[in-house]
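One structure is given below, encoded as C-alpha cells.
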Amino acid sequence: MQAIRLASQRVALRRLTTAAHAPVSPTAAPSQSAIPLSNVEAQWERMSKGDQALVHRQLEELQRKDWKQLSIDEKKAAYYVAFGPHGPRAPVSPPGQGLKIFFATSGLIGVAAIIYFAIRSFAPPPPKTLNREWEEASNERAREAKLNPITGISSEGYSGKGFVTHK
C-alpha cells in the first residue's frame, strides 16, 4: 500500500516538474522575481500562470534541500501545490450541494409516491381469482387432474403450497 502511495506521489511530482518547465506565454510574465511562500493557499487562485510556474520552480529548488531545514510555510506550500484542491483536483460541486441533491431526491420520491397512490386509488378491484379460496380450489383441481405427477402437486409426499400465494 505504501509503495502505491509513493508511486502516486512520484507521478504527482513528475507532473509538477513538467508543468513548471512548460513554456510560459509572454503575456503571463511573472510579476516578481521571488514570490513569498507564506499562505500560498490563499494566493494561488489569484496568481497568474507565470507566477504559479515560478512558485513551482521555487518549491522544486527548496525540496532538493533537507526537509528538516525547510520552514513550516515552505512545507505547507509544497504540500498545497502538489496535492491541493486546484486544477484537476478542484471540487466538482460547491459546498452544500449534497444537501440540495438530498432534498431534491426526497422531493422526487415523494412526488412519485403521491402519483403511485393516486393511480392505485382509481384502479379497479383485484380479480376474483386472487383470493385464498380460489387458489385452494385450484390446488384441488390440479390434484384431481394429476398435474405434474413426478415432482409437482400430484406427486407422492408433496409438501409445497401449490398455487396458494396469499396468507
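Each of 57, 89 was scored by other Cβ atoms within 10 Å of its Cβ. Listed from fewest to most, they are 89, 57. In the range 52-167, a dipole from Cβ-located charges (positive for Lys and Arg, negative for Asp and Glu) runs towards its positive end, and of 159, 94, 148 it is 94 whose Cα lies farthest in that direction.
Summing Cβ point charges (Lys, Arg +1; Asp, Glu -1) relative to the Cα centre of the range 78-142 gives a dipole of roughly 360 debye. At the listed q of 0.20, 0.22, 0.24, 0.27 Å⁻¹, the Debye profile of the range 111-167, built from one uniform point per Cα, gives log10 I(q)/I(0) equal to -0.75, -0.83, -0.92, -1.04. Among the GluC sites (Glu not before Pro) in the range 80-167, those located in a DSSP loop and surrounded by at most 14 other Cβ atoms within 10 Å of their own Cβ are 156. Taking the charge dipole of the range 66-130 about its Cα centre, with +1 at Lys and Arg Cβ atoms and -1 at Asp and Glu Cβ atoms, the residue from 127, 83, 106 reaching farthest to the positive side is 127.
For the range 48-167, the average shadow cast by the Cα convex hull is 19.9 nm², which is a quarter of the hull's surface.
We did not get these values from a lab; they are worked out from the coordinates using the rules stated. These figures come from a predicted structure and were not determined experimentally. Virtual Cβ from ideal backbone geometry, glycine too; neighbours counted across all protein chains shown.
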